[in-house]
Structures are given as C-alpha cells and as structure tokens.
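A.B. asks: Pasting a structure below so you can have a look.
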Amino acid sequence: MHIENLKVFSDLVNTESFSKAAKLNGITQSAVSQQLRAMEKHYDILIVDRSQKQFRLTPEGRTLHEAALRILGIAEKLNGELQEMKRVVSGPINLSTIYSIGLHELPRYVKQFLQEYPAVNLRVEYRRSNHVYEDILHHSFDIGLVAFPAKVKGIEVVPFCEDVLVLICHPGNPLAAKKTVTLAEIAQHKFVGFDADIPTRKAVDAMFREKRLELEPVMEFDNIETVKRAVEIDAGVAIVPRTTVEQELARGALVAVDIEAKNRTRPLAILYRKGKVLTPAMKKFIDMLTAGQADREVRKSGAKKKIRQAATA
C-alpha cells in the first residue's frame, strides 16, 4: 500500500465525499472508489459501511484511518526534515483564504515569496470563512487566512495583520464631504452589507448594537467586490476594510470616511492544524506574513513619533 493511497483514503474520510477527495488529489471520482475497493481487498475488511445513507466507517475502517494518519504524519515529518537537510525550500503549499484577503492582502506576499522561492508550488483557493476552517480541520489545505479569527479546537491561530474598517460611499453622497462619520449618521442612509454569516458583517452589527442602533441593509452580498460595485452605483453606503478599496479611491470611484467608533480594526490571522508538520516552505511563507505585520508596526510607530514631534515643535 503506497503513501498516495493512504492520502486519498484520509482525504475521503475527512471530507466524507468521493468527489472532494478526487479533486484534492487530482484524480477521478472513479479512481477514489477503485482505491477504496483495492484497500478493502488488500486487508480483507469492509472499510465503509455501505448500509448507511451517510458516509460512515466500520470499526475496521476507523482503525485503518487512525493508522493512516500516523503513517502520513511520519512521512510528512520525514519529508520536511530531508528538505531542511538539503537546505532547499520547495514543494507544494495549499492555501485557503477568504476573498478579501486573497484579492487585496495576499498578492504582494505571493509575488515576493515566489521571487525568493521559485521552486515552491503555491495553490490558492478563495473560500467563505467557515469553509476555510473546514479546509484546515479536514487536512484539505495546509494554511488558511481569515478575518476576525475564532478559537476552534484543533486549529492554531497566528495573527499577522490588522485592517481598519471605513465607511465607503459614492462621491456624490452627502457623507463623502465629511472627515469622520458617526454610526448614528450611517444608520440614516441606505446600507449595503455582507451576508449575515460573514465575520466582518457580524463585527459591524456588533458596533451598531453597542450604540443601540438598528441596521437594516437594503442589499447583502457574500464578497467584497459585489459590495463595492453596489456602492459605486450609489445603491447605498457600506463599511469595509480600507485595504480593499485602494484602487477605487485612487481613481475617484469611491470615497472613504473614517468612522467614529471603537473596535474599528479587522484582525487577520493565519490558520493551520494543530500538530501539523510544517515544511520549510510553509514555515517561510508564514514567517513572511508575520514579518510583514512587524514592518507595518514599525512604520506606524515611526509615523506616530513624527506626529508627536510636530505637535511639540
């Protein structure tokens, strides 16, 4: 039995889906079924209980899966140690990220990383936040990137960046002329929001609840790009991370206004499964993300110092 077979089997158990396991391993769904039957024949056991409508392992199947995870863990650790001995940074990194980070935060890191380590094969998948957590727990992806990270059993969380939430509006909107805006003023305008289950939307709702204000979006979308397009046609105002609207601000399609409210920051974090053996490539990538945050903190500190100096001059 090859390591690749155990990997396919583990992905099948974690996702409980033949089609998802096939996609993760670049093979057909039929090939996954054939490998499962081959394993059952090899060990002379029934691995999956086919009498059940839902995917369920037999007791023998659970034992096999536990052993497969141990073997895969050993193989993963060995691969990482050999790469470190060769001082080579290569191999795959499978990254699951929410849209806003993947489209607006990640590109500059990816460009720099691949310039330094061209032998790394970085695959990026854009997902909703809840799916990113599932991807990490199911071993489907190596690293996840999310906003407003939640504590989830089995997942390591590493903070790497903070965005500032701002109000965006059409240049012709009355709020566009303001330097700052209160939540009460925002509540008087048509509001374009994210879907209710998206963490940024939950954070925005919490801001308004704290002020005992009601927020009833006229439109709700599941991604940042659609929210921005709706505001561009003056369908309403929205609260979004500033980094996601830099291009629109530069060309004058949108105006960003600072919000007078507490908790206006949006923390971003790196996720990976607890106990996972990180390859040198994964470690380098995580180091690059966290180093980027350190550089920003130094620049922010320097800017504050200049402001203080100017104020006392």
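A.B. asks: Report, in debye and to the nearest 20, how large the dipole of the chain comes out about its Cα centre when Lys and Arg carry +1 and Asp and Glu carry -1 on their Cβ.
C.D. replies: The dipole of the chain has a size of about 800 debye.
A.B. asks: In debye to the nearest 20, how big a dipole does the stretch 75-173 give about its Cα centre with +1 on each Lys and Arg Cβ and -1 on each Asp and Glu Cβ?
C.D. replies: 100
A.B. asks: Something else about it: If you keep only loop residues by DSSP, which trypsin sites (Lys or Arg not before Pro) in the stretch 1-105 have at most 14 other Cβ atoms within 10 Å of their Cβ?
C.D. replies: The qualifying sites are Arg50, Lys53, Arg56, Arg87.
A.B. asks: Too long at a 29 Å Cα-Cα cut-off: which of Lys211/Lys274; Lys20/Lys274; Lys179/Lys284; Lys178/Lys202; Lys53/Lys202? Mind dumping the intermediate values first?
C.D. replies: Numbers: Lys211/Lys274 38 Å; Lys20/Lys274 22 Å; Lys179/Lys284 40 Å; Lys178/Lys202 25 Å; Lys53/Lys202 35 Å.
Long pairs (Cα-Cα over 29 Å): Lys211/Lys274; Lys179/Lys284; Lys53/Lys202.
A.B. asks: How much of the DSSP beta bridge set in the stretch 161-267 is antiparallel, as a percent to the nearest 5?
C.D. replies: Here the share of antiparallel DSSP bridges comes out near 60 percent.
A.B. asks: Could you work out [θ]222 nm for the chain from helices alone, using -39500 (n - 2.57) per DSSP H run of at least four and dividing by all its residues? Round to the nearest 500 deg cm²/dmol.
C.D. replies: Dividing the helical sum by the residues of the chain leaves -15000 deg cm²/dmol.
A.B. asks: Right, something else. Of the beta bridges DSSP finds with both residues in the chain, what % are antiparallel, to the nearest 5?
C.D. replies: Once the DSSP bridges in the chain are tallied, antiparallel ones form about 55 percent.
A.B. asks: Using a Gaussian network for the chain with springs between C-alpha atoms less than 10 Å apart, which of these wobbles most: Gly144, Gly61, Gly193?
C.D. replies: Sorting by GNM fluctuation, first place goes to Gly61.
A.B. asks: Right, here's the next one. Are there any GluC sites (Glu not before Pro) in the stretch 170-261 that are in a DSSP loop and have at most 10 other Cβ atoms within 10 Å? List them by number.
C.D. replies: Glu214
A.B. asks: While we're looking at this one, here's another question. Tell me whether the stretch 161-267 comes out rounded, prolate or oblate; compute the Cα gyration tensor, take square roots of the eigenvalues as a ≥ b ≥ c, and use a/c under 1.5 as the rounded threshold.
C.D. replies: Rounded, since a/c falls under 1.5.
A.B. asks: What residue among Thr97, Thr182, Thr243 shows peak mean-square fluctuation when the chain is described by a Gaussian network model with Cα springs under 10 Å?
C.D. replies: Thr182
A.B. asks: Turning to a different aspect of this structure: Which listed residue (Ser30, Val48, Asn94) has the Cα farthest towards the positive end of the charge dipole for the chain, taking +1 on Lys and Arg C-beta and -1 on Asp and Glu C-beta about the Cα centre?
C.D. replies: Looking along the dipole axis, the top candidate is Asn94.
A.B. asks: Mind putting a number on the dipole of the stretch 1-86 about its Cα centre? Charges go on the C-beta only, +1 for Lys and Arg and -1 for Asp and Glu, and I need it in Debye to the nearest 20.
C.D. replies: 260
A.B. asks: Angle check, please: helix 106-116 long axis (alpha carbons) against the longest principal axis of the chain (alpha carbons), in degrees 0 to 90, nearest 10.
C.D. replies: Around 60 degrees separate the two axes.
A.B. asks: Moving to a separate point now. Measuring from centroid to centroid over Cα atoms, what is the spacing of the stretch 238-284 and the stretch 46-122 in Å?
C.D. replies: Rounded to whole Å, the Cα centres lie 24 Å apart.
A.B. asks: Pick out, from Val132, Val152, Tyr117, the residue whose Cα sits farthest towards the positive end of the charge dipole of the chain, with +1 on the Cβ of Lys and Arg and -1 on the Cβ of Asp and Glu.
C.D. replies: Tyr117
Where a number appears in this text, it was derived from the coordinates with a stated rule and is not lab data. This structure is a prediction, so every number in the text was calculated from the model and none was measured. Every residue, glycine as well, gets a Cβ built from its backbone with ideal geometry; the counts of neighbours run over all protein chains shown.
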